[in-house]
Amino acid sequence: MRVEIQLNYILKSVYKNIMNSDQLSENEYAGGFTTYIQEAGNVNLIEELEISLHDFIRFVQNIPMDKFDYRYAEGKWTIKDIIQHIIDCERIFAYRALRFSRGDKTPLASFEENDYAENTNANGRSIQDLLTELSAVRHSNLLFYKSLSEEQLKRIGTASNNPISVRAMGFVIIGHQKHHQKVFAERYL
């Protein structure tokens, strides 16, 4: 127990200086990523990856059951579709971060989110199954981000024709999820 407490203290002190969104430099992100980084707010990356997951799960569990398959307009996604979209995007964002953290300089293409949404079985799944998958993906990404050195976190690659650092991509994960949580509150409930 004492070793675990000491290790947590060391990890927090190591990440304290390099993991807050307000410490990102202007060259670490551009384009559409800016919106999600701003949506994440001035937070600690590691802490917020965990906190925002728990907040999201608690929020979704309080949504009435009859709303999960609701569409506020024809052609719009259901809440289940959006949760699957969050999962898919987090996997893609984490994959990009992994490649950049390992020094891969290959520019990574955009993806068409509607094509992904049309090729899922989100509405055939239970809400608990979707939230369990989101939790598993997030916990994997938490371990990934905790494993990175300061140098790896600051590495920059190109995704969707825009520069982005590994650590900025982590804030994109948080901001993207928060964006959709706001959409739920504004358009679905």
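The values are calculated or read from the model by the stated rules, or taken from the named source; none is laboratory data. Nothing here was measured: the structure is a model prediction, and the numbers come from that model. Please note: Cβ atoms are built from the backbone with ideal geometry, for glycine as well, and neighbour counts cover all protein chains shown. Just the protein is used for accessible areas: all its heavy atoms, side chains included, with ligands, DNA and RNA removed. Shrake-Rupley method; radii C 1.70, N 1.55, O 1.52, S 1.80 Å.
Report yes if S126 is under 17 Å from I87 (Cβ atoms), surrounded by fewer than 16 Cβ atoms within 10 Å (Cβ to Cβ) and within 14 Å of the chain's Cα centre (by Cα), otherwise no. Lay out the reasoning, then the answer.
Numbers: under 17 Å from I87 (Cβ atoms): yes; surrounded by fewer than 16 Cβ atoms within 10 Å (Cβ to Cβ): yes; within 14 Å of the chain's Cα centre (by Cα): no.
Criteria not met by S126.
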Qualifying positions in region 27-50 - under 22 Å from N162 (Cβ atoms), open to solvent by 50 Å² or more (accessible area, probe 1.4 Å) and free of Cβ contacts under 8 Å to residues at least 60 places away in the same chain:
N42
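So that you can scan it fast, the table gives a plain yes or no per residue for (1) within 16 Å of the chain's Cα centre (by Cα); (2) in a helix (DSSP H, G or I); (3) touching a residue at least 24 places away in the same chain (Cβ under 8 Å):
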{"site": "G75", "(1), (2), (3)": "no, no, no"}
{"site": "I83", "(1), (2), (3)": "yes, yes, yes"}
{"site": "I86", "(1), (2), (3)": "yes, yes, yes"}
{"site": "L98", "(1), (2), (3)": "yes, yes, yes"}
{"site": "D104", "(1), (2), (3)": "no, no, yes"}
{"site": "A117", "(1), (2), (3)": "no, yes, yes"}
Among the candidates E118, E150, E133, residue that is acidic (D, E) and surrounded by fewer than 11 Cβ atoms within 10 Å (Cβ to Cβ)
E118
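Conditions (1) touching a Lys or Arg at 6+ places or on another chain (Cβ under 6 Å); (2) of a type outside the set (D, E, K, R); (3) modelled with pLDDT under 95, marked per residue:
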| residue | (1), (2), (3) |
| --- | --- |
| G31 | no, yes, yes |
| Q38 | no, yes, yes |
| E48 | no, no, no |
| K67 | no, no, yes |
| I83 | no, yes, no |
| F100 | yes, yes, no |
Hey, could you check region 93-115 for residues that are open to solvent by 50 Å² or more (accessible area, probe 1.4 Å) and among the aromatic types (F, W, Y) and say which is nearest to G75 (Cα to Cα)?
F111
